[in-house]
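S.K.: The structure's right below; bear with me while I get my questions together.
The values are calculated or read from the model by the stated rules, or taken from the named source; none is laboratory data. Computed from a predicted structure; not experimentally measured. Using ideal geometry, Cβ is built from the backbone for each residue, glycine included, and neighbour counts are taken over all protein chains shown. Calculation scope for accessible area: heavy atoms of the full protein, side chains included, ligands and nucleic acids excluded. Shrake-Rupley method; radii C 1.70, N 1.55, O 1.52, S 1.80 Å.
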Amino acid sequence: MGLVALGGLVESRVASAQVIQLEAGADTYVGGLATVARFWGPSYDGWIGVGEQNGMRLGGFARVKIGRDTLRIGNDFLSLDYPTDVFNLGHAILLQGATWQVVRSGTRTSFFAGTNATGTGTPLFAAQRAGQALAGVTVSDSISARFRLHGRLLLTTRQSMSSGVEWSAAPRSTAAATFGLGANRPFAAASYSRIRAHYEVKTSAIAMNRGYRRAYLDEPPRSRLDGPAFELRLHPSPSLSLSVTRQTFVRDSALATRSSRATGTSFVVATSSGATHATLAVSMAETPARTDHSGYAAVGRGLGSRVTVDLYLLAVSPQDRPLVVTPIVSAREQIASSLRIEQVLTVGGDHQTLSLGGNWMGALTDLSLGYQIVHAPLLLETPFLRTLYVALRFNVGEYAAHVTTTVLPTGETRYSASISTYLYPGGGDAGQPALVTPGLPPYLVQGIVTDESGAPVRGAALAIGTVPLFSDRTGRFFLRVRSRRPLPFTVVLNEFTVAGQFALVSAPALVTPATDATAAVVGVVVRRLP
């Protein structure tokens, strides 16, 4: 979608925005640099970006409430999820175009038109390159408290349409079915999930013709489930959990001449007792050509209030090759409230590697250096990935800068850096980053952040439920929600957008939304540390 229409839409709204964030940065992951402006208001949000990555890149997105409806325009995405997707693989495509979202009673309808898109990897914002034309409609209708119907029609060179139903048999128990055409190929799926205090079970079964895809578009290969899949988690006690999972994945696309198939089976046991915790995991990866095994054992213990030690044994047993076991010892020590150090000793064959890291938090600067180990059993040759990251954040006046570097398992190093600031052109009105949803939510949480002298604190980082937000230049904040249900309230002290460190003096643990006329002002008091 061209930026001209987006710019005209945004221009009339941005002047009254409560919060605008300006950010510029560069990184060597994609070899580019960019600047982006993000804006938020009571009934709209969005961003506009410009960058360079093998050529000039432009992008933008805006979401605006118009009456009871919502217009989305620009660089967006389109969810292709089915109600039978209990394993949450995140089926979505990039969309460049316009979407009109309508909510009437229990029915939600979205009309969209434009093209699919390919992400170009520009730093800081989602630059896209337009692809094939597409259009369609999605519908979700609540027939009753227990039944919901779903439907989607996607028009491309090969059509895709689906119908689905969800049935909530009991609280936290759901059965679902989906059937239709994907890229002109028939498919059907069924699922069941049940969550109880001491166990969770998920299962699904998918049947489809060869060549089936949720959308027939020229995209890179992606993984999708095929055939039966299940996951069982047991929680016999608060200190013990067990899980078993088995899933089959197919990886293909409209661009691929052949597909690949792999089945993963894993068993995990985790337990804890006081300051000691332990985990044992075993996985098997099967492809038509080979079967490999991998797993790990981890034991950790806190030694007093300042020291934690973890021992890892990483085991890899490829087909027709000897077992390889790699021990890793990690020790973390809290030297002071602002300083933590970490040491990682790796023993491999006839050599040892000692790595040092830690985290330091100062009044103007935070510095972190650490390590992460990821177990990916379906990566047959290298199921354990280890990365090194270095992150630096510092505040200068109203500006915050971030610098990160990561050493990949291949030994390559990548860098990224950015600097940002917040503007408050809306004056004294409260504002913060907040998602715009179809239909203006009827209930309100509002408040003010001050220091001990009563002076307002701008840029205070807060979280209401799972939604992050910031106080404005007068210290005020607000959030609209759809329910009166009490929500957890958190002050995120290390994410303030102003310079310095803060300590919490007082704040509620829960906040209760109310109507505009009855909503109380939530008081938060913080202390600036010397």
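S.K.: Report the gain in length on full extension from Phe111 to Asp451: 0.36 nm times residue separation, minus Cα-Cα distance, nm rounded to one decimal.
M.R.: Gain in length upon complete extension: 117.7 nm.
S.K.: Show me, bin by bin at 5 Å from 0, the whole-percent P(r) of region 205-317 based on Cα pairs.
M.R.: It works out to 2, 10, 15, 14, 14, 12, 11, 8, 7, 4, 2, 1, in whole percents.
S.K.: What order do you get for 509-517, 462-470 when each peptide is scored by the mean count of other beta carbon atoms within 10 Å, highest first?
M.R.: Top to bottom by mean Cβ count within 10 Å: 462-470, 509-517.
S.K.: Here's another thing I want to ask about it. Contour minus end-to-end for Ala197 and Ser506, with contour as 0.36 nm per residue of separation and end-to-end as the Cα-Cα distance?
M.R.: Here the answer is 107.9 nm.
S.K.: Arg251 versus Arg185, label points 7 Å from Cα toward the beta carbon: distance in nm?
M.R.: With each label placed 7 Å out from Cα toward Cβ, I get 1.7 nm.
S.K.: For Glu342, Glu166, give the ranking by accessible area with the largest first, probe 1.4 Å.
M.R.: Ranked list, largest accessible area first: Glu166, Glu342.
S.K.: Between Val299 and Thr490, what is the FRET efficiency for a Förster distance of 25 Å, r being their Cβ-Cβ separation, to the nearest 0.05?
M.R.: Using R0 = 25 Å, I get an efficiency of 0.20.
S.K.: While we're on this one: Do any trypsin sites (Lys or Arg not before Pro) in region 39-93 lie in a loop, going by DSSP, with at most 15 other beta-carbon atoms within 10 Å of their beta carbon, and if so which?
M.R.: For trypsin sites (Lys or Arg not before Pro) across region 39-93 that sit outside H, G, I, E and B with at most 15 neighbouring Cβ atoms in 10 Å, the list reads Arg68.
S.K.: Mean shadow of region 143-288, computed from the convex hull of its alpha carbons, in nm²?
M.R.: It is 11.2 nm².
S.K.: Could you give the length gained on full extension between Gln372 and Ile66, defined as 0.36 nm per residue of separation minus the Cα-Cα distance, in nm?
M.R.: Difference between extended and current length: 105.6 nm.
S.K.: Roughly how many Å is it from the Cα centre of region 72-103 to that of region 170-220, as a whole number?
M.R.: 16
S.K.: For a quick protection proxy, order the peptides 224-230, 300-306 by their average other-Cβ count within 10 Å, most packed first.
M.R.: Descending packing order for the listed peptides: 224-230, 300-306.
S.K.: Quick one: how many Å² of Tyr371 are accessible to a 1.4 Å probe, rounded to 10?
M.R.: 50
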